[in-house]
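Enquirer: Below you will find the structure I want to go over with you.
Derivation of every value follows stated rules applied to the coordinates shown; laboratory data play no part. No experiment lies behind these values; they were computed from the predicted model shown. Here the Cβ positions follow ideal geometry from the backbone for every residue, glycine too, while neighbour counts run over all protein chains shown.
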Amino acid sequence: MRVGIVGGSLSGIMAGVEMKTIDPRAEVVIFEQNDKLAKKIYATGNGHCNLLHRNALPSFYNCPDFIRGVFARFSPQDMEKKWQEIGVPLLYHGELAYPLTYSAPAFVRYLEKLLQEKGVKVRCLERLVDYHVLSNKVELITSGGKEDFDHVIFCTGGASGKNLGTDGYMAKVFEKHHYVSHSFLPVLCPIRTAEHTKSLAGVRHDAKIRIDVEGSLFAERGEILWKKDGLSGIAIFNASLYLSVNRAKKGTEIHLDLFPDYSLEQLGSCWVESSKKRSFYLDGYLAEPLARYLSFNGNHDPMALAKRAKDLVFHYQENYGFEDSQVSLGGIALGEVDEETLRSKKETRVSFAGECLDVAGYCGGYNLLWAAISGILAARGVL
């Protein structure tokens, strides 16, 4: 059997490894348009490569019912065991798992050697142009020519991280083959707000975020990083996915509680007492630019400031663009694939895995977990 894998992402690599594990005699070829495999992995987990969340919840994806079915067949715990089996011991920071090397480049180098050991052929700098599904084969047309395979797995990614070689170009190819798909949207990225925040650029502060879009509530605590035109930080990245999934309109309110460990009464009481001792008491609680922003309207009443600090409101405008996003929401509709095998329902000699499908999860290992599991399931679904 000849299996072609288009895309040398983590899903493509894991599909190749699993394919050769299941059938060592299979000829497996990975086509990658970049000069090396898995360029996007180098930027994950701040260069440390957060492979998975040990107790990943389906509700932390845009498609919880679909992911629930995926996890029933191959769970996060199964993925933990799989990494150990193929020689990748894990390092844990709470529920987050990283390669023991704690290095994305070292992890990718190991995977490259593993592919070589398994006999998977890798062809870099070959970009897919089109493909044709015939009665007994799939003809791939790449920048290097034409080649026939018994089955093809597409792991072509989304549109985020163009500097890392993912540009969403395959969407047009799949459209030609009449796949229902959803336009790519940038998620896991900063968001722009209506408020002018230039004076706060670079300020960081722990806060609890609350957003309500038509009864669907998002709440998460984390560090907020202000930018000149909006908000950033891990919790904001997750909020960007929530806002996109729920089709939030411009003007949607983003509520920040800057002191989630204090009740309003506690904070107000502290500030009333502190204000009696010194005029600059807010600087003991907040970075100076944020203290100034809190009292910008000239109201220096401690209780009024406490109320604002407990519910500081910004108004959503849009997500940042693909160049600043970690993941894309959108891609081939999940109804186009068999849930168990990830085979196409239209073209049975074709499968999909990874970010080219309409699956996106929160920060914290959710997306690399999906990439790895989907690659494995797609390979198993070939046979």
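Enquirer: Please state the equivalent ellipsoid semi-axes for the chain: what are the square roots of 5 times the Cα gyration tensor eigenvalues, largest first, in whole Å?
Expert: Here the semi-axes work out to 46, 21, 17 Å.
Enquirer: Sticking with this one: Could you give each residue of segment 187-204 its phi-based ³J(HN,Hα) in whole Hz, using Karplus coefficients 6.51, -1.76, 1.60 with θ = phi - 60°, and x for Gly or Pro?
Expert: With coefficients 6.51, -1.76 and 1.60, one gets 9, 6, 8, x, 10, 8, 10, 5, 6, 7, 10, 4, 5, 9, 3, x, 6, 10 Hz.
Enquirer: Now for a separate question. Taking H placed 1.01 Å from N in the peptide plane, check which residues at least 5 places from Gly230 or on another chain put their amide H under 5 Å from its amide H.
Expert: Thr193, Thr197
Enquirer: Also, quick follow-up: Would you please state which residues of segment 298-328 a label at Leu264 would reach in this model, taking the label point 7 Å out along Cα→Cβ and a backbone N cut-off of under 14 Å?
Expert: 303-313
Enquirer: Oh, and also: Aspartates and glutamates near Lys250 by alpha-carbon distance under 20 Å, same-chain residues fewer than 8 away left out - which ones?
Expert: Hits, sequence-local ones excluded: Glu195, Asp212, Glu214, Asp229, Asp311, Glu318, Asp324.
Enquirer: Give the aspartates and glutamates whose C-alpha is closer than 16 Å to that of Lys82, dropping any in the same chain fewer than 8 places away, or say none.
Expert: Excluding near neighbours in sequence, the set is Glu18.
Enquirer: In the structure shown, do any of Lys121/Lys146; Lys39/Lys345; Lys118/Lys172 have a Cα-Cα gap over 21 Å, and if so which?
Expert: Lys39/Lys345; Lys118/Lys172
Enquirer: Round to the nearest 10 and give me the degree value, 0 to 90, for the angle of helix 366-380's Cα axis relative to the longest principal axis of the chain.
Expert: Computed tilt is about 20 degrees.
Enquirer: Dividing the convex hull volume of the alpha carbon atoms of segment 191-319 by its residue count, what do you get in Å³ per residue?
Expert: Each residue corresponds to 97 Å³ of Cα convex hull volume.
Enquirer: Could I ask something else about it? For segment 1-114, report the translational diffusion coefficient in µm²/s to the nearest whole number, using Stokes-Einstein at 4 °C, 1.567 mPa s, and a Kirkwood Rh over Cα pairs.
Expert: 85 µm²/s
Enquirer: Just order 227-239, 84-96, 63-75 by mean Cβ neighbour count inside 10 Å, highest at the front, would you?
Expert: Ranking, from highest mean packing down: 227-239, 63-75, 84-96.
Enquirer: Further, regarding this structure: Expressed in nm to one decimal, what extension gain is obtained for the pair Ser135 and His182 from 0.36 nm per residue of sequence separation less their Cα-Cα distance?
Expert: Residue separation times 0.36 nm, minus the Cα-Cα distance, leaves 14.1 nm.
Enquirer: Using the Kirkwood radius over C-alpha pairs as Rh, can you work out the diffusion coefficient of segment 195-241 via Stokes-Einstein at 20 °C, viscosity 1.002 mPa s, in µm² per second?
Expert: Using the Kirkwood radius from Cα pairs, D works out to 193 µm²/s.
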